[in-house]
Every structure is written in C-alpha cells, then in structure tokens.
Amino acid sequence: QVQLVESGGGLVQAGGSLRLSCAPSERTFSVYAMGWFRQAPGKERDFVAAISGGGTTYYQDSVKGRFTISRDNAKNTVYLQMNSLKPEDTAVYYCATRRGIRAGITQSMYDYWGQGTQVTVSS
C-alpha cells in the first residue's frame, strides 16, 4: 500500500505563504500524476491543483495566480506553493496520486490519499 507523507501546513496570517510537500513511499510514483485537494469545515473536499507525469498543471480558478504545484522527481516529492493566502483557503489539504501519468480534477481518478495537513489562515 502506497503511503503519502504530507508536511508544511500551519497557521499563517492573510497575505502570507506556505509550502506543502507530499512524498509517496514508492519511487515509482515520481512519474505518476499527483493532486492536491482541500476540505474546509462543513464543506465537501474540493480540487485545488494537479500535475501530470509530464508536468502539465491544472488549477482551481480560485487559486490561479496564487498557488503553484510542482514536482521534483529526483526527490520523489510534489510541492504546493501557496502565496497571498486568504482566510477562505483555510482547510485540511490532502495529497493524492494514481498509477497513471494523466492528471485531472476529479477525486475518483486518484487511488491513494494522504492523511491531510491543516492550513489555517487568520484575518
């Protein structure tokens, strides 16, 4: 069973930045699609960003221009750089992956999920 280890969450003031990291336990996932999703209190889990095995990126409209997803295949790690954070970005952020290079915005595409990391943005 693939494990996804997330890190980088925390408390930040509005306008600040955080960088989330996600490292799969298997190196084979360095070429597969990865995604980030988030779940705010009382809401469903939503798509945030994704990156394909070839490096194509996808973003939710509300984070375009503020968040950047990237990957370092040598380190087998995917990052989510979050800038200009807003209180509405407060959520538990989940990393996800699948055994395939094509990425997408649909949760059902992804087979493996991390435990989640809390991001809290204060106003």
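Computed in the context of the full set of protein chains, the accessible area of the chain at 1.4 Å probe radius has 46% of its extent on carbon or sulfur. Sorted largest first, the spans of the alpha carbon positions of the chain along the three principal axes are 40, 28, 24 Å.
For residue 92, the accessible surface of its heavy atoms amounts to roughly 40 Å² (probe 1.4 Å, protein chains only, rounded to the nearest 10). Amide H contacts of residue 71 (H built 1.01 Å from N, in plane; Pro and chain starts excluded): 79 sit under 5 Å, all sequence-distant by 5 or more or on other chains.
The values are calculated or read from the model by the stated rules, or taken from the named source; none is laboratory data. Worth saying up front: this structure is predicted, and the values here are computed from it rather than measured. Accessible surface areas use protein heavy atoms only, side chains included; no ligands, DNA or RNA. Shrake-Rupley method; radii C 1.70, N 1.55, O 1.52, S 1.80 Å.
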